[in-house]
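Chemist: Quick one: the structure is below, questions incoming.
None of the figures in this text is laboratory data; all of them are computed from the coordinates on show. Small disclaimer: the values here were computed from a predicted structure and weren't measured. Note that we place each Cβ from the backbone using ideal geometry, even for glycine, and neighbour counts take in every protein chain shown.
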Amino acid sequence: MPIEFEAPKPITQMQFMLKTVADEMMRPKSRYFDEHEHEIPWDYIEFMHMAMKAAGGSSLAPHENGKKSEQKEKRPPIGYQMIAAQIEAISYGDLGMYHCLPGGGLGAAAVHAAGTPEQKAKFLARFNGEKPTFAAMCITEAGAGSDNSAIRTRAMLDEQTNEWVINGEKIFVTGGDKSFTEYKKLGKGYIVIWATIDPSAGRAGMRAFVVEGGTPGVKIVKLEHKMGIRVSDTAAISLVDARIPFDHMLGSPTVEKSTRGFKGAMATFDATRPLVAASGVGVARATLEFLKEKLAENGIQIRYGLPRQKLTSIEREVIDMDIMLKSAWLMVLKAVWMADNEKPNALEASMSKVKSGDVTTRITQKVVEILGPLGYSREFLAEKWFRDAKITDIYEGTGQINRLVVARQILGYSGSELR
Ligand SMILES: Cc1cc2nc3c(=O)[nH]c(=O)nc-3n(C[C@H](O)[C@H](O)[C@H](O)COP(=O)(O)OP(=O)(O)OC[C@H]3O[C@@H](n4cnc5c(N)ncnc54)[C@H](O)[C@@H]3O)c2cc1C
């Protein structure tokens with residue numbers, strides 16, 4: 001299947017529509033929600049839910065009904081490409097508000113990667129309901145972030161009731177509050193908790209559990225105050241003797257002598273890392289376009305096509321940023337194209353995440369610098385985009401960790417051989 005460099009028509013149409021959403025609905029509220037951390041943007045959530053339903057799906061997750069797309073035989077699959085383009089376009093509007101988009105997010109991605117067909121049918125269908133519904137994924141713990149195989153959250157089977165009993169603490173859960181707390185305006189969401197069912201089995205003991213919103217014994221203990229993406233809730237969650245139905249453990253209940261559980265977590269990231277990369281490209285594009293507008297207002301046009309030595313230093317900086325941005329986007333496209341065509345994409349997923357993390361951080365920082373004191377001022381959103389953008393290089397594997405993944409893939413080392 002050849003890679004097409006022209007975006008298919010459904011994607012360009014969607015980009016056109018989301019540009020209006022970004023300009024009319026997101027940007028005017030960006031500063032407000034940045035300054036009113038933890039306020040929930042209900043109007044935006046409800047509007048986006050209705051808009052996505054009207055467009056034929058109420059969440060940015062592929063194959064939500066557990067079946068493959070029926071369009072597959074008729075034309076090349078573009079499910080992930082579409083999602084990446086949507087996320088890029090929405091993050092161009094506001095990276096924080098992108099995280100408030102209703103849908104399954106990382107939680108549904110985990111179900112998709114690690115669930116049985118029955119579990120996918122059961123846990124993915126709800127995002128198409130009447131009310132906006134969220135899901136989140138919780139791996140990170142104090143002491144288990146980059147090395148998430150070190151998690152201590154424990155799930156034990158109560159054989160009398162045939163329920164899992166989970167105890168532990170999770171931190172930095174994106175959307176944890178909207179997924180777990182039973183807000184009247186939202187449908188019933190869930191959080192996916194990664195826990196060990198056998199600490200002596202190491203990675204092979206890791207399993208994911210779907211914990212329904214409102215489950216007794218589970219508590220949102222804190223919402224983080226953050227540097228950027230402040231409208232996105234980032235929760236710390238405690239679980240004390242939380243009882244979960246037996247069939248809410250994703251995949252096989254037996255501890256096999258394999259790292260299947262851990263691989264489920266990694267497969268989730270193969271799907272989502274290119275999407276994080278896409279979100280970074282969106283905020284970097286917003287920042288770069290803003291700079292070009294401000295330069296144009298001051299009579300400075302970038303003279304593309306002139307030899308480099310004839311350009312001013314600012315023009316060279318802008319062109320270098322154009323190149324960085326385009327190369328980051330091409331790496332996203334390769335990773336999602338592979339996912340769409342069911343090719344293993346662990347290498348490309350991590351590469352796209354590394355590239356986007358670097359590019360996004362550098363572009364937003366450089367734009368603040370070029371804009372001078374006004375770049376640092378709250379009068380413009382540039383300083384906010386600079387703060388927001390850094391997250392691209394942190395969650396779903398830091399830049400360093402994704403570089404390790406890339407090196408392992410290229411050199412053929414395992415996680416224990418190269419760490
Ligand atoms: C806003 C936000 C949202 C998040 N959302 C989620 C979520 O929804 N679900 C979830 O489970 N987690 C989430 N996280 C957690 C995030 O994935 C972790 O913060 C990240 O994986 C890093 O782990 P850590 O914080 O424990 O840092 P550490 O692992 O302690 O790393 C600290 C530093 O050391 C470096 N480092 C660590 N190991 C190595 C190594 N072997 N080689 C080189 N350098 C290394 C890291 O790159 C980093 O720079 C979120 C975090 C933030 C900030």
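Chemist: Which value, in debye to the nearest 20, gives the size of the charge dipole of the range 248-360 about its Cα centre, when Lys and Arg are +1 and Asp and Glu are -1 at the Cβ? Could you put the intermediate results ahead of the total?
Modeler: Numbers: 16 positive and 13 negative charges, 48 e Å.
That gives a dipole near 240 debye.
Chemist: At a Förster radius of 35 Å, what calculated FRET efficiency corresponds to the Cβ-Cβ distance of Gln15 and Arg308, to the nearest 0.05?
Modeler: The calculated FRET efficiency here is 0.70.
Chemist: Right, here's the next one. Please express the Cα-Cα pair-distance distribution P(r) of the chain as a list of whole percents, one per 10 Å bin, running from 0 to the bin with the greatest distance.
Modeler: 5, 22, 32, 26, 11, 3, 1, 0
Chemist: Related question: Apply 1/(1 + (r/R0)^6) to the Cβ-Cβ distance of Arg403 and Leu223, taking R0 = 30 Å, and write down the FRET efficiency to the nearest 0.05.
Modeler: 0.45
Chemist: Same structure again: Using the basic label-point model (7 angstrom from Cα toward the beta carbon), what is the Asp247 to Glu293 distance in nanometres?
Modeler: In this crude label model, Asp247 to Glu293 measures out at 5.2 nm.
Chemist: Also, quick follow-up: So what's the angle, to the nearest 10 degrees on a 0 to 90 scale, between helix 260-297 and the longest Cα principal axis of the chain?
Modeler: Result, in degrees: 20.
Chemist: Compute the normalised compactness of the range 255-345: alpha-carbon radius of gyration over 2.2 N^0.38 Å, N being the residue count.
Modeler: 1.60
Chemist: OK, next. Normalised by the number of residues in the range 316-412, what is the relative contact order in percent for Cα pairs under 8 Å and 6+ residues apart?
Modeler: The normalised contact order for the range 316-412 reaches 29 percent.
Chemist: Okay, moving on. Any chance you could give the angle, 0 to 90 degrees and rounded to 10, that helix 346-371 forms with the longest Cα principal axis of the chain?
Modeler: With both axes taken from Cα atoms, the answer is about 40 degrees.
Chemist: Pop out the ³J(HN,Hα) list for the range 147-162 in order, Karplus 6.51 cos²θ - 1.76 cosθ + 1.60 with θ = phi - 60°, rounded to Hz; leave Gly and Pro as x.
Modeler: Whole-Hz 3J(HN,Hα) from phi for the range 147-162: 9, 7, 6, 8, 4, 10, 4, 10, 10, 10, 7, 8, 5, 6, 9, 6.
Chemist: Now for a different question. Would you pull out the residues with amide H under 5 Å of His38's amide H, same chain only if 5 or more places away, H placed 1.01 Å from N?
Modeler: none
Chemist: Right, another one. Are any of the pairs Lys9/Lys188; Lys19/Lys170; Lys353/Lys384 more than 30 Å apart by Cα-Cα distance, and if so, which?
Modeler: Where the Cα-Cα span goes over 30 Å, the pairs concerned are Lys9/Lys188; Lys19/Lys170.
Chemist: Picking from Ser149, Ser238, Ser200, which is most flexible by a Gaussian network model of the chain using Cα springs under 10 Å?
Modeler: With Cα springs under 10 Å in the chain, the top fluctuation among Ser149, Ser238, Ser200 is at Ser200.
Chemist: Using Cα springs under 10 Å in a Gaussian network model of the chain, which residue among Gly145, Gly96, Gly107 shows the largest mean-square fluctuation?
Modeler: Gly145
Chemist: Between 0 and 90 degrees, rounded to the nearest ten: what's the tilt of helix 105-114 against the longest Cα principal axis of the chain?
Modeler: That helix lies at roughly 50 degrees to the long axis.
Chemist: Continuing with the same structure: Relative to the compact globular guide of 2.2 N^0.38 Å, what is the alpha carbon radius of gyration of the range 336-419, as a ratio?
Modeler: Expressed relative to 2.2 N^0.38 Å, the Cα Rg reads 1.40.
Chemist: Ranked highest first by the average count of other Cβ atoms within 10 Å around their residues, in what order do 270-277, 391-398 fall?
Modeler: Working: 270-277: 26.9, 391-398: 22.0.
Packing proxy ranking, top to bottom: 270-277, 391-398.
Chemist: Then there is this: Which translational diffusion coefficient, to the nearest whole µm²/s, is obtained for the range 244-398 from the Stokes-Einstein equation, given a Kirkwood hydrodynamic radius over C-alpha pairs, 4 °C and 1.567 mPa s?
Modeler: Translational diffusion coefficient: 74 µm²/s.
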